[in-house]
Amino acid sequence: MANKQLLSMISVALLLAVSTVGCGKTADNNANSTSVKDNSTTNQTANNSTTTNTTDATNSTDTAASTNATNDSAAATNETTVDDTKTEEPVTLNLWTSKDDSQWDKDMRAKFQEAYPYITLKTTLHEGDAGNDFFQSVAVGNAPDVAIFSQTVVDQNVRAGTLAPLDDYFASWEDSGNYLPIFLDSFKFNDKLYALPWTGSTMLFAYNKTLFKEAGISGPPQTWDEMLADAKLLTKPDKQQAGYGILAAEWTEWFFQYYVWQAGGDLTVKNPDDTLKLTFTDPAVIKAAQFYQQLASAKVIQSDITMKFDKIVEAFAQGKVAMMPFATDWVGWAVSMGIKYEDIGLAPFPAGPSGKRTTAGGVGGTGINAKSPKNVQDAAWKYITFMNTKQTIVDRLLWQKANQGLVNPVLLPRTDYSLADVGVTDPDMVKTITDVAADTRPTEFYGKGVIGKYVDQGVQKIVANPKADPTKIFQKQQDLATKEALDDFNKAALGQK
């Protein structure tokens, strides 16, 4: 099903979720934990996921309210658990965790072990792009048994045989009738289901309302030219305040792709047979690169271009970065690091030379490693469903509300609860998500999991040297990607060895 249909339908779902409540702060729904880049939308909200990742990026301390919510959720979850632990053979389930795991995540893993004492959870701290790293790690035999990824990498993983189909598990699960088909379709390939969807988000353009007011700027920029002009007004070296937060040291292709799309092109093309064509020297790529160089030359980006993603979000939350790309499920995270909710402005991206304001939106899901033994896959499904019952998710939202004071305007895949169940959502944010739905793409360009690092290297070079020729740099990166990765990708797409 087309991505525009997905975004249109989930926008309607969001509106329905808030139709019975008034204006107010928002709450969060990060039902599982991974890299923000994966996701996140990513999160990459879904694959950088998202993310991403779609990490539950909360470092809040535990409170009495959160402890009670955890206990209540575990009790509710355990009510639906079949007591088969006495007859099951011991099994170890390997999981990747994030440094940003909340106390909720840790508590729920402990509750899972109490409910299933024969299943031992072996956790490994993983930093990076969890969705794409899973694909690579399966090949070398050190992948987790439970995978968290965005809908954009399903076909790549299925062709490589890294994901197990979940249809039989899902059909026998008592909650299977409570999922919106459009979300399930996002994780299907050849009519088979490969992940249980758990949340979604949209990438928007964030700006600090207080800093804008202080600079005499009435609202968010509408074009790239306005963005550059505003960034100059918002940059105050004496306060260590940058106009715009740029990814220039890692995951640079994540934010860069939005500007390529807004310039009217793309970094790759998906051929009818699912093979990949590289377009690193497309005029839109060069225009986006030149705009990045303008920002760097004008010295409106953060002075430390080695700053990593989480530190840029932290800088935004602390008033040191005035504008940056921002996923809807990062609001609570930013508030937990210092910014007032009412100071966060979310708007469509400024329009590029093509007149487009294209952004990304996507859904995160949880799947099972196809290479894991059958008994481990069975344990993985128990873990996934334990973390995704209605009561668990609602109580997680209540925990986040207690710790963050709000609920993020995220996309919910289930029909039996809504954001209204746990608190009010800001209708203005929901309207922004709805407004951009028609110009929203999947979370990343095609083939990013394999080709992304070559774009990343190119972006790093043009930001570090604003006078460099972007055409030469991206041609060199395309040649390198062609030599090292393209042939293998296309062979896999065609089912060849």
* Asked: Of the residues that make up the range 138-147, is at least one part of a helix (DSSP H, G or I), modelled with pLDDT of 80 or more and crowded, with 18+ Cβ neighbours inside 10 Å?
  -> yes
* **Residue count for the range 345-383, restricted to those that are of a type in the set (Val, Ile, Thr) and surrounded by fewer than 22 Cβ atoms within 10 Å (Cβ to Cβ)** => 1
* Structure fact -> Pairs returned, first residue in the range 420-436 that is surrounded by fewer than 18 Cβ atoms within 10 Å (Cβ to Cβ), second residue that is modelled with pLDDT of 75 or more, beta-carbon separation under 6 angstrom, 6 or more apart or interchain, are Asp421/Val394
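Tell me which helices (runs of 4 or more DSSP H) are completely within the range 166-268 and hold 3 or more residues being surrounded by 20 or more Cβ atoms within 10 Å (Cβ to Cβ) and at pLDDT 95 or above, or say none if there are none.
224-234, 252-262
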* To do: Say whether the condition of being under 24 Å from the mean Cα position of the chain (by Cα), under 23 Å from Phe474 (Cβ atoms), among the aromatic types (Phe, Trp, Tyr) and not in a helix (DSSP H, G or I) is met by at least one residue in the range 284-297.
  => no
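Take the residues of the range 148-165 that are part of a strand (DSSP E or B) and aliphatic (A, V, I, L, M): which is modelled with the highest pLDDT?
That would be Leu163.
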* Is at least one residue of the range 99-113 surrounded by fewer than 22 Cβ atoms within 10 Å (Cβ to Cβ), modelled with pLDDT under 80 and either in the same structural domain as Trp330 (by the TED database) or not in a helix (DSSP H, G or I) (or both)? -> yes
* Total residues in the range 269-283, condition in a loop (DSSP other than H, G, I, E, B) and at pLDDT 95 or above -> 4
* Return yes when Asp155 is surrounded by fewer than 24 Cβ atoms within 10 Å (Cβ to Cβ) and more than 17 Å from Gly361 (Cα to Cα) and no when it is not. => yes
* Asked: In the range 351-441, which helices (runs of 4 or more DSSP H) lie fully inside it and hold 1 or more residues that are at pLDDT below 80 and over 26 Å from Glu174 (Cα atoms)?
  -> 390-404, 427-436
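The values are calculated or read from the model by the stated rules, or taken from the named source; none is laboratory data. Remember, predicted model here, so these are calculated numbers, not experimental data. Every residue, glycine among them, receives a Cβ derived from its backbone with ideal geometry; neighbour counts consider all protein chains shown.
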